[in-house]
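Report on the following structure.
No value in this document is a laboratory result; all are computed from the given coordinates. Treat the numbers as computed from the prediction; the structure is a model and nothing was measured. Ideal geometry is used to build each Cβ from the backbone, glycine not excepted, and the neighbour counts take in all protein chains shown.
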Amino acid sequence: MKRVQDFNVVGYNWLNKDNYIITLSSDSDIENIDPGNFAEIKVPNSPDVFLRRPISVLDVDHGENTIKFYIKAMGKGTRQLGNLDVDSKVNIVYPLGNSFSIIHRKKVLIVGGGSGIAPFIMLASKLIDVSTEVTFLIGARSKGDVFLTDEFNKFGKVLVTTEDGSMGEKGLVTQHSIFAGNMDFDHIYTCGPDPMMKAVAQIAHEKNIPCEASLENMMACGIGACLCCVTPTVRGNECVCTEGPVFNSKDLKW
Amino acid sequence: MKRVQDFNVVGYNWLNKDNYIITLSSDSDIENIDPGNFAEIKVPNSPDVFLRRPISVLDVDHGENTIKFYIKAMGKGTRQLGNLDVDSKVNIVYPLGNSFSIIHRKKVLIVGGGSGIAPFIMLASKLIDVSTEVTFLIGARSKGDVFLTDEFNKFGKVLVTTEDGSMGEKGLVTQHSIFAGNMDFDHIYTCGPDPMMKAVAQIAHEKNIPCEASLENMMACGIGACLCCVTPTVRGNECVCTEGPVFNSKDLKW
Amino acid sequence: MVNLNVNIAGLNLKNPVTTASGTFGFGEEFEDFIDLNRLGGIFVKGLTLKNREGNDYPRMAETPSGMLNAVGLQNKGIDYFLNTIYPKIKKWDTEIFPNINGSVVEDYIAVAEKLNDVEGIHGLELNISCPNVKEGGMAFGVSCPSAMAVTRAVREVYDKIIIVKLSPNVTDITEIAKGVESAGADAVSLVNTLLGMAIDAHTRKPVLSTITGGLSGPAIKPVALRMVWQVYNAVKIPIVGIGGIMNATDAIEFMLAGSSAIQVGTANFIDPQISIKIIDGIKEYCSNNGIANVADLTGALIT
Amino acid sequence: MVNLNVNIAGLNLKNPVTTASGTFGFGEEFEDFIDLNRLGGIFVKGLTLKNREGNDYPRMAETPSGMLNAVGLQNKGIDYFLNTIYPKIKKWDTEIFPNINGSVVEDYIAVAEKLNDVEGIHGLELNISCPNVKEGGMAFGVSCPSAMAVTRAVREVYDKIIIVKLSPNVTDITEIAKGVESAGADAVSLVNTLLGMAIDAHTRKPVLSTITGGLSGPAIKPVALRMVWQVYNAVKIPIVGIGGIMNATDAIEFMLAGSSAIQVGTANFIDPQISIKIIDGIKEYCSNNGIANVADLTGALIT
Ligand SMILES: Cc1cc2nc3c(=O)[nH]c(=O)nc-3n(C[C@H](O)[C@H](O)[C@H](O)COP(=O)(O)OP(=O)(O)OC[C@H]3O[C@@H](n4cnc5c(N)ncnc54)[C@H](O)[C@@H]3O)c2cc1C
Ligand SMILES: Cc1cc2nc3c(=O)[nH]c(=O)nc-3n(C[C@H](O)[C@H](O)[C@H](O)COP(=O)(O)OP(=O)(O)OC[C@H]3O[C@@H](n4cnc5c(N)ncnc54)[C@H](O)[C@@H]3O)c2cc1C
Ligand SMILES: Cc1cc2nc3c(=O)[nH]c(=O)nc-3n(C[C@H](O)[C@H](O)[C@H](O)COP(=O)(O)O)c2cc1C
Ligand SMILES: Cc1cc2nc3c(=O)[nH]c(=O)nc-3n(C[C@H](O)[C@H](O)[C@H](O)COP(=O)(O)O)c2cc1C
Ligand code: FES
Ligand code: FES
C-alpha cells in the first residue's frame, strides 16, 4: 500500500562530490518495496523546490526499518537532499510505480548508467532468489563515475565501459564486445539516460531478446493524478509514474 | 555606510522557548552602528519567507567582529532564524534607519516591552558615556516574559510592571507608580507595542517631556526604496526605515 | 461542535473542502492515503466527449511556488467515465462532480446530456477556462458572449447543478461571472490556471511542448483571492474558491473572501493527505474562534 | 569579449539591465551597495504632476514567492523631481527614465511636457498600468482605446523615447501592445504588477489598507514571460521585460522570449546588489555560450 511517511536522516555515504547514498530510518514499519519502485521525496528547507522529487529505492532493510537512496546531485533538489542534518526529518511517498519483472531465466543482462543504476541491487538480489544468473554492464564517462560495482559484484559479473577508456572497455555501453558475441541472454533490463536505453533496446529487438526499460521523466504527483509524466506507447500516452517506470521496450514509441 | 555582509552563526542564547539572542560573526570589519539602528536579515533555508526581516541591533563587538540580535519568535521568519546550524551563513543589510539621540541630560527614562527592548543596551551604554542617568521601565505580561534585566541593571535602575503582578508592579507600564510621582525625567525613549508607545507618548506630552519612539512596521526593502513602510507624520507619510524608526513622538499622527 | 456543512445552490456538502479537477485523478489515486468519504466533494479529471491523448511530453514545469501544466485534457471520453470509472467510484459517500470540456458548444451539450440522468451525480463543473487546448477551452471563458452561450446551451439540457469554472486570464472577471449567472449557472468556481510560460535558458527552448501552459499553486493565490472577492461582490450565486490553497488558513481566507466551498488542487501533489488536514484545520479554526457554522465564514471579511 | 550594448528605439544602453520603477527609489538609495554607473538604466519611482501622499499603511504583504504592494504613487511631484532630485542623480553615467503617471490624460501631458526639454533624459516610461490608484492608473492600461489615447496625447508633446508600460491584468495583452505601437509608442515595457489580495485569517481583515494591491516577484515570472513572448510575436517595437527577475538566468529567459532589455524590480529588496550580479551573470552566460552580442539573445527562443 502507498503511504506518506516521515523518516529521519541516518547519514550519508558520499561516493564523490556529486553522488551520494542517503540512509533514512523510520520508527514504524516500512512497506514492501519491489525492484524498480520509486519514492516521491519532499525536499526540506529548500526555498526553490516546490514539488517532490522522484527517486528510485536503492535498498531497504525491514529489520532495521531503514531505506537507502542513491542520488546524483543534478540540480537544486538533489543537491539540497545531500545537505541535511543527521536526524532531521524527510517525508516520502512510496512505494510508487511498477517494478521489473522477476521471473526465472537462465541468464539476464542488466545495463545501466548514471543514476539509473539505483534499482539494480534490489533487482539482482531478487533475480538471484529465483536462480537467475545476472551480468551487469555499466557505462560511464570515466572511471570516477562508476559507482556501486562492489555491490554488483556480489550478485554477478560486472562489465564496464567508459567513454575515455579509463576503466573497462573504451566506448559506449552498446559498443561493448559482449554485444558482438552470440548474446546468450534471455532478458535485458535497462535504466539510465534515454539515448543509452534506446540503443540497448534497439540491440535487444534485433537479437529478439525481451527488454525492460525504466524511464525517467518530470513528475508532479508520482501517483497518476496529474497526467504530467506521460510517454507515448503503442497504447497511447501512458503515465510513467503508474504504468511505469518500467516498460516493455517494445511498447515504447520514443 | 550601508552594506550587505555575510555573517556566520556563532550560537544562540535561548531566554525561553520563544525568545533568543543570536550571535553572528564576520571575517571582515563591522560597520559603525548607532543605538536604534536595525538590520534587514535574510532568513536562510525558509521556503515561506521571501522578504528580509527587520531586526534591531542588540549589541556589537568591533574587536571580535560579532553582532547580536535579540529576537522574539513571532512567525515563520523569526522562528527559522532561531533554528540555524552553528557556522551557517546569514546575510544582513545594515546599519539601517536613524538612531536615538544621544545628548547629555540629567535623567532619562527608557520604556519598553516585547522585542522593543532590543535597542536599549546600546542606547543606555551611549547615554552613560555622556553622563546621563538612566532608568528602565519594562512592561510584560508575566515574570517569564521579562528579559535582559541583568544587562539593564549594569546601566541603571530597572523598574518592571507585569500584567499578572508576578514581577514588579501589577498592571501596564503606564500604570507604574513612577508616573504618579513628579517625573523628574528630561527625556523619554520608548520602543515596544504601538499601544504601549502611544500611552507613554501621551503621558510624556502631558508632562511636557520630550519623547522619542521607535516604530515597528512591515518593511519590504528597509532602505527607503519601496515606500511600503510609511507612518503618517505632521510632515506627511514618512518611511519608517529611513526617516525612522525613531521619531519624535510629537511628529507622529498615529 | 462545529457544523461543517455548506450549501451550494441547494446541494449540501458535508464540508467545504473539495478537490480540484485534474489534480486528484478520479479519487482512486488517493485511496491509499486518505478516507475519501470525508471529502466535501471530488471534482474529477476533465472529461470530453471523445477520447483525447492530450499534449506531448513535457507537460510540466516547476516554477517559483507553483507549476505550469500542459496536460491538454487527456482522458478516455465521457462514455468510458460513465461505464468504467464512475461505477468504481460512486461507492464513496461524497459528491462527485464531473468537469466537462469541449471544443465546440455541441460537445459540451453532448457530454452534459449524457450526465443528466446519472443517478448520484448532482452537478457538473463546466470548464470554460482550460488554457491547454488549441481549440475551444479557454477561448469560451475569456469572452462574455461565448461564456454565456455555452452556459445557456448546457443549461437547456442539464437539470441539476451547473458550476461554471471561470478563467483568470481576463480583464474583468466580474463581467464573465455576471454573464454566466444570467445565463443560468447555479454557481461559479474560480480560478482555473493563469496562462504562463517557462524557458530553459540552457537549451534556449520552452520547457513545455506547448510553449505556454497553466500556472497553479501558491504563486497564484493572491490573484485568485482577489478574483473571488470581486466576484462575491458582483453575483448572488455561490462561489467555489480555487487557487494555491495549501493549508487550512488559505482555505479560510478564500471563504472570508466569499467562497462557499473551496477546491484543493496542486497541494495534493505535495501532500496527498492535505485535503483531510485542511478539513481538520478548518474545524479547529472554527472551534478556536467560536464559529458554530463554517458557512458563516463565507464573505465574512471585515473591511 | 562580450558586447553588452543593447538598443532601445535608437537609444544605446550599455547593457540590458535596468531597474524597475518603484523598486529602486531614485537610485541614490542603492549608492552604498553598488556602482550605479554600471547599470544599463534606472527607471525611477513613479511621478505625478502634483505631490501625492499615496495610500494608507499597511501597503505591503508578503505572499508565496512574491509580495503585494499598495504604495499608490507616493511622490513629491514632477517639479520637485526636476528641481531637487534630478540635479543630484544626473551625474551617473546611466540612462535615467522617469516613470510618469496621471489620473487624467491632461496630467500625463503636463508631466511629459515638463520632461521634454530636460537635457540628459532621453526617454520616459508611460505608466498606464498602476493598480494602486483609485482614478486613472490601471484603467488606462486595460482598455485599448484609452491606452492608445494617452499614448497619442503624450506622443504629441514629447519628442524623445516613449516606453509604454503595460498591465498584465488584461485578456489580451497583444491587442493593447499593438494599439500603443500604432499610437506612437517607441517601445513597451511589461509587465506591471498583477492585481492581487491578501487576507489575515486571524483578524479576518484584508492585509492592505486598499484591500487589493499589486503582485510582484518570482511568483509572476511565468505570466510575465508568457506575455513578453506574446507581445514579441505581435509588435515590431522593442520590449523591456519585467516580472520576477531574480538572477541572470531569469534575465536571459526574458531576453530569449523577446526582450531587448529587462528591469529588475522586487529582487532589489532581497539583494540590493542583484542588478550588478545580473549584469555579470549575463556576461558570463554569453562568454560560456559563445554569444558575442547580448542583443542576439532577443527573441532567440528555439521553438
Ligand atoms: C522514476 C524515477 C526514478 C528516479 N530515480 C533516481 C535515482 O534513484 N537517483 C537519482 O539521482 N535520480 C533519480 N531520478 C531523477 C531525479 O528525479 C532528478 O534528477 C531530480 O528530480 C532532479 O531534481 P533537482 O531538483 O535536483 O533538479 P532541478 O534543479 O529541478 O533540475 C536540474 C536539471 O535536471 C533536469 N531534470 C529535473 N528533473 C528531471 C527528471 N525527473 N528527469 C529528467 N531530467 C530532469 C532539469 O530539466 C534540469 O535541467 C529518477 C527519476 C524518476 C522519474
Ligand atoms: C525597525 C524594526 C526593528 C525590529 N526589531 C526587532 C527586534 O529587535 N527583535 C524582534 O524580535 N523583532 C523586531 N522587529 C519585528 C520583526 O521584524 C517582526 O517580528 C518580524 O518581521 C516577523 O517576521 P516573521 O517571519 O517571524 O513573522 P510572519 O510570519 O511574517 O508574521 C507573524 C505575525 O507578525 C506580524 N508581523 C510581521 N512582521 C511585522 C512587523 N514588522 N511589524 C509588526 N507585525 C509584524 C504579521 O502580520 C503576523 O501576524 C522589528 C521590526 C522593525 C520594523
Ligand atoms: C496538472 C493539472 C491538471 C489540471 N486539469 C484540469 C482539468 O482537467 N480541468 C479543470 O477544470 N481544471 C484543471 N486544472 C486546474 C485546477 O483544477 C485548478 O483550477 C488550478 O490548478 C488552480 O488551483 P491550485 O492552485 O490549487 O492548483 C488542472 C491543474 C493542474 C495542476
Ligand atoms: C513597492 C513597489 C512599487 C512600485 N511602484 C511602481 C511605480 O511607481 N510605477 C510603475 O510603473 N511600477 C511600479 N511598480 C511595479 C514594478 O516596476 C514592476 O513592474 C513590478 O514590480 C514587476 O516586477 P518585479 O516582479 O521584478 O518586481 C512597483 C512595484 C513595487 C513592488
Ligand atoms: S507524475 Fe502525476 S501522473 Fe505521473
Ligand atoms: S521598507 Fe522600503 S521604504 Fe521602508
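Using a Förster distance of 41 Å, how high is the FRET efficiency between A:Gln202 and A:Trp14, based on the Cβ-Cβ distance and rounded to 0.05?
The computed FRET efficiency comes out at 0.70.
Convex hull over the alpha-carbon atoms of the range D:115-229: what's its volume per residue in Å³?
Considering the Cα atoms of the range D:115-229, their hull volume per residue is 128 Å³.
Dividing the Cα convex hull volume of the range D:253-303 by residue count, how many Å³ per residue is that?
81 Å³
For a 29 Å ceiling on Cα separation, which of these pairs sit above it: A:Lys2/C:Lys88; B:Lys89/D:Lys277; D:Lys90/D:Lys178; D:Lys14/D:Lys114?
Details: A:Lys2/C:Lys88 19 Å; B:Lys89/D:Lys277 19 Å; D:Lys90/D:Lys178 33 Å; D:Lys14/D:Lys114 26 Å.
In this structure, D:Lys90/D:Lys178 lie more than 29 Å apart at Cα.
When N is the residue count of the protein assembly as shown, what does its C-alpha Rg come to as a fraction of 2.2 N^0.38 Å?
After normalising by residue count via 2.2 N^0.38 Å, the value is 0.99.
Quick one: Debye curve from the C-alpha atoms of the range A:1-140, no solvent, what's log10 I(q)/I(0) at q = 0.10, 0.15, 0.21 Å⁻¹?
-0.34, -0.75, -1.34
Sticking with the crude label model, points 7 Å out along Cα→Cβ, report the distance from C:Thr303 to D:Val118 in nm, one decimal please.
For C:Thr303 paired with D:Val118, the spin-label model returns 3.6 nm.
May I ask you to derive the relative contact order of chain B, considering only C-alpha pairs under 8 Å and at least 6 residues apart, and to give it as an integer percent?
So the answer I get is 17 percent.
Taking the Cβ of each residue in C:Trp92, C:Trp229, B:Trp14 as the centre, tally the other Cβ atoms inside 10 Å and list the residues starting with the fewest.
Arranged by neighbour count, lowest to highest, C:Trp92, C:Trp229, B:Trp14 become B:Trp14, C:Trp92, C:Trp229.
Return the distance in nm (one decimal) between the two label points of a simple spin-label model at B:Asn248 and C:Lys205, each offset 7 Å from Cα along Cα→Cβ.
For B:Asn248 paired with C:Lys205, the spin-label model returns 6.7 nm.
Need the list of lysines near A:Lys198 for cross-linking: C-alpha distance under 27 angstrom, and skip anything on the same chain fewer than eight residues off.
Reachable lysines: A:Lys72, A:Lys106, A:Lys107, A:Lys126, A:Lys143, A:Lys157, A:Lys170, A:Lys207, A:Lys250, A:Lys253, C:Lys205.
Using a Cα-Cα cut-off of under 13 Å, which aspartates and glutamates could be cross-linked to B:Lys76, ignoring same-chain neighbours fewer than 8 residues away?
Cross-link targets: B:Asp18, B:Asp48, D:Glu62.
For label points placed 7 Å from Cα toward Cβ, what is the shortest-first list of nm distances from D:Lys88 to its copies?
Result, one decimal in nm: 6.9.
On the Cα set of the range B:107-251, report Rg and Dmax in Å, please.
Final numbers for Rg and Dmax: 15.3, 45 Å.
I'm checking a number: the convex hull volume of the Cα atoms of the range C:64-156, normalised per residue, in Å³. What is it?
Hull volume normalised by residue count: 127 Å³.
For the Cα atoms of chain A, what angle does the longest principal axis make with the long axis of helix A:120-129, in degrees from 0 to 90, nearest 10?
Tilt relative to chain A: about 70 degrees.
Mind listing the label-point distances from A:Gly75 to the same position on all other copies, shortest first, one decimal in nm, points 7 Å along Cα→Cβ?
Distances between equivalent label points, in nm: 3.0.
With everything on Cα atoms, drop me the angle between helix A:194-206 and the longest principal axis of chain A, reported from 0 to 90° to the nearest 10.
40 degrees
Round to the nearest 0.05 the FRET efficiency obtained for C:Lys277 and B:Asp61 when R0 = 41 Å and r is the Cβ-Cβ distance.
Here the calculated transfer efficiency is 0.35.
What's the minimum Cβ distance from chain B to the axis relating it to A, in whole Å, and which residue gives it?
B:Asn45, 2
Write down, largest first, the equivalent ellipsoid semi-axes of chain D in whole Å, where each equals the square root of 5 times an eigenvalue of the alpha-carbon gyration tensor.
Those come to 26, 22, 20 Å.
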